[in-house]
Amino acid sequence: MATAATRFRCLNAPSIRNASRTLMPTSSTSSRSLATEASPPETSPRRRPTYFKDKLNSVPSFSEFVGLPEKPLTADDALELRTAMVGPPGKKKQITRLPSWLKTPIPDNSNYKKIKKDLRGLNLHTVCEEARCPNISDCWGGDDKSAATATIMLMGDTCTRGCRFCAVKTSKAPPPLDPHEPEHTAEALSRWGLGYVVLTAVDRDDMADGGARHWTETIMKIKQKKPDMLVEALTGDFAGDLEMVSMVANSGLDVYAHNMETVEDLSPFIRDRRAKYRTSLAVLDAAKKAKPDLITKTSIMLGFGETEEQLWTTLKELREVNVDVVTFGQYMRPTKRHMKVEEYVHPDTFELWRQRALDLGFLYCASGPLVRSSYKAGEAFIENVLKKRKGVTILDDEATGIQKAVV
């Protein structure tokens, strides 16, 4: 009887092949199919899209709820440095809030990205990025690249000086100059089809000529590719070598710019010890004497604690050396390692100094919290003046140019 039961189980048991198939993983069995056989598509249940709504926080403020009118800020309240505590509990830190007139949009559009891609492809640098200019979204964000403004920074991105207001990297021994930079700069600018370009550079005290020959070669190559392009050069002081200043002034440029940055009394505390107030005045004077029809330009930052008397003295000394254009802008602290802001100057004060500069005889003055030494509103007016001198009128008159260049 036991033998019959054993025989029955053996006859009715699955075959060895079928048993092995049941023991193998399902993934391996499902992968084997005929070539003409279409595997059924895997269907997954559709998920409802997730929407984030914040209806709870979209309620009026207490003043709006009870119908109280908001009181306007007084002049003292507006100029007060406002602080706030931010961060998680136990790790809060104090930050300074900027006034409303100093807030700018984050740069994020297609034209900004195109210009940045061109610059990186040619291994070029801009002072817009290196110095963290607040106007980068405005200047780079035109409708097309020909309407944009980007200030090319020559001789690398590392300066040999360490001014206490500047965000550019510093080193005693920066990398050597790129011999192809003049050609690459001229190529980039010719691609954009700009009518007015601004060049600047780091200080290179490690070089005998301070980079003046590099400056001259770059400007000459730009003029060779596009003779009608107007070039503004924002140079350093070349360690006070006025022969180098004269060489750059006669290189074919149209505007010679060199920044005073601040008043004489504050200069030793704000600029590098090698950047002297009197040397900067001598540079602007030498550039004008080397080429009298050259437009000379400088820039002054406010907010360091300067006085009205000091600013008056500086403007008068600039007119004595026949400087044509001056700009005023608000100093903004790049990092905690840099000088603190003593005052956020109100826009009305900037307008007052613009009128005073024009009354002293300056050809043009751009003045405002976000104005920088290379600012496209001022460039529009200077371009008009230069082309009118050459017999080409792009605006009806200089008064129209002033209106279009109001900051």
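Quick notes on this structure:
- Taking the criterion of being under 22 Å from the mean Cα position of the chain (by Cα) and surrounded by fewer than 22 Cβ atoms within 10 Å (Cβ to Cβ), the residues of the stretch 351-370 that qualify are 368, 370.
- On the stretch given as the stretch 250-279, residues that are in contact with a helix residue (DSSP H, G or I) (Cβ under 7 Å, 6 or more places away or on another chain), polar (S, T, N, Q) and not in a helix (DSSP H, G or I) total 3.
- The residue pairs whose first member lies in the stretch 285-308 and is free of Cβ contacts under 8 Å to residues at least 60 places away in the same chain and among the aliphatic types (A, V, I, L, M), whose second member is assigned to a loop (DSSP other than H, G, I, E, B) and buried (at least 22 other Cβ atoms within 10 Å of the Cβ), and whose beta carbons are closer than 6 Å, counting only pairs six or more residues apart or on different chains, are 300/260; 302/345.
- Some residue of the stretch 174-197 being crowded, with 16+ Cβ neighbours inside 10 Å, in contact with a Cys (Cβ under 7 Å, 6 or more places away or on another chain) and closer than 19 Å to residue 275 by Cβ: no
- Flag if residue 344 is under 26 Å from the mean Cα position of the chain (by Cα), within 25 Å of residue 197 (Cα to Cα) and aromatic (Phe, Trp, Tyr): no
- Residue within the stretch 304-322 that is over 19 Å from residue 244 (Cβ atoms), in contact with a Cys (Cβ under 9 Å, 6 or more places away or on another chain) and not charged (D, E, K, R) present: no
- Residue in the stretch 377-395 that is modelled with pLDDT of 80 or more and either outside any strand (DSSP E or B) or not basic (Lys, Arg) (or both) present: no
The values are calculated or read from the model by the stated rules, or taken from the named source; none is laboratory data. Keep in mind the model is a prediction, meaning the values are calculated, not measured. Positions of Cβ are generated from backbone atoms using ideal geometry, with glycine treated the same way; all protein chains shown enter the neighbour counts.
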